[in-house]
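K.L.:
First, the structure itself, so that you have it in front of you.
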Amino acid sequence: MPGDEQSQFGDNVKIITKPLSLENPVIVEGFPGIGLVGNIASQHLIDELDMEYIGSMESKYFPPIAVLFNGIINMPVRIYQSKEYNIITVISDIPIHPTISYEVSKVLMDWAQSINVKEIVSIAGIATMSSEEKVFGAATNDDILNRIKDHVEIFQVGTISGISGSVMTECFMRDVPAMSLLGETNSPNPDPRAAASVIKVLNIIYDLPIDTDNLMEQAEQIEIELQKLAEQVKTSEEGEQPRREFPMYG
């Protein structure tokens, strides 16, 4: 952010932002993972609430990638704010490697505590064999768990892997209120339906007005494209000539 007054946190991983005017904001984080649920849901939140870009996270350990929006370069890990809803969203277009997940979550929490975060919402996907589009939930304390238990399926036993798990662990260690919202997906492909399910839970918990219709349209379009691809593969396989078996002589 050339020319802007900035604040900076971290060494190997850095967060650089404009000065913030929010008081006790909620921070929502969405990093790429199963079904890209966290990434899709966070981007939809940013778009629907018309959130303002305020900074980025950067590191020499991140992949050497520049992100393009309508031809303009942007950072792969970005931070946005909504003054109206007192929400900050941290979104990433790159996966966070396990070897730096601890450092990323530590710096994120250092920064979050410096701005007096109220609570953290970690959005991710969870792979199941079901197509019910449930949202599973977990929390760092009983108060948060009681707030979400009527709106999610409580994740009773298991593990949350990757950067989302690292963030939740860091919140627990620091006694920062946090919830994990896991959108159920049964596909390795991008899953806007699962992201829409998570957004609906956010709407209830934080009284947000976010429409999910266009996410459902995206889901239908992805399903159409995957069906076309499957048909092309089938046609290609059917069109192949059977292999001739040659006798062996010995």
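Derivation of every value follows stated rules applied to the coordinates shown; laboratory data play no part. Everything numeric in this text was worked out from a predicted model, so none of it was measured. Positions of Cβ are generated from backbone atoms using ideal geometry, with glycine treated the same way; all protein chains shown enter the neighbour counts.
K.L.:
Under 1.5 on a/c is rounded, so check that first for segment 1-139, then, if it is not, pick prolate when a/b is larger than b/c and oblate when it is not; a ≥ b ≥ c are the square roots of the alpha carbon gyration tensor eigenvalues.
P.N.:
rounded
K.L.:
Same structure again: How big is the charge dipole of segment 7-232 about its Cα centre, in debye rounded to the nearest 20, if each Lys and Arg gets +1 on its Cβ and each Asp and Glu gets -1 on its Cβ?
P.N.:
680 debye
K.L.:
Given the chain, what count of lysine pairs have C-alpha atoms under 23 Å apart, with each pair 8 or more places apart or on different chains?
P.N.:
Taking the Cα cut-off of 23 Å, the pair count is 16.
K.L.:
Another question, then. Suppose each label sits 7 Å from its Cα in the direction of the beta carbon; what would the Ala127-Leu208 distance come out to in nanometres?
P.N.:
Output for this residue pair reads 2.6 nm.
K.L.:
Also: Taking the chain as a Gaussian network, where each spring joins two C-alpha atoms under 10 Å apart, which residue of Gln43, Gln232, Gln221 fluctuates the most?
P.N.:
Gln232
K.L.:
Could I ask something else about it? With springs only between Cα atoms under 10 Å, which of Ala194, Ala139, Ala230 fluctuates most in a Gaussian network model of the chain?
P.N.:
Ranking Ala194, Ala139, Ala230 by mean-square fluctuation puts Ala230 first.
K.L.:
To continue, here is another question. Suppose we take every Cα in the chain and form the convex hull; what volume per residue is that in Å³?
P.N.:
Cα convex hull per residue, to the nearest whole number: 201 Å³.
K.L.:
With the chain treated as a Gaussian network of Cα nodes joined by springs under 10 Å, which of Ile72, Ile54, Ile46 yields the largest mean-square fluctuation?
P.N.:
Of Ile72, Ile54, Ile46, the most mobile in the Gaussian network model is Ile72.
K.L.:
Sort 145-152, 195-202, 64-71 by the packing proxy (mean of other Cβ within 10 Å over each peptide's residues), most packed first.
P.N.:
Listed from highest to lowest mean packing, they are 195-202, 145-152, 64-71.
K.L.:
Could you work out how much longer the chain between Tyr53 and Glu84 gets when fully extended? Use 0.36 nm per residue separation minus the Cα distance between them, nm to one decimal.
P.N.:
So the chain would gain 9.7 nm between Tyr53 and Glu84.
K.L.:
How big is segment 47-122 in terms of Cα radius of gyration and Dmax, in angstroms?
P.N.:
Calculated on Cα positions, Rg and Dmax stand at 13.2, 36 Å.
K.L.:
What share of Cα pairs, in percent, lie more than 16 angstrom apart in segment 43-83?
P.N.:
Within segment 43-83, distances greater than 16 Å cover 44 percent of Cα pairs.
K.L.:
For Leu68 paired with Asp175, estimate the spin-label separation in nm (one decimal), with each label point 7 Å from Cα along the Cα-to-Cβ line.
P.N.:
5.0 nm
K.L.:
Could you work out how far helix 37-48 tilts from the main Cα principal axis of the chain, as a 0 to 90 degree angle to the nearest 10?
P.N.:
60 degrees
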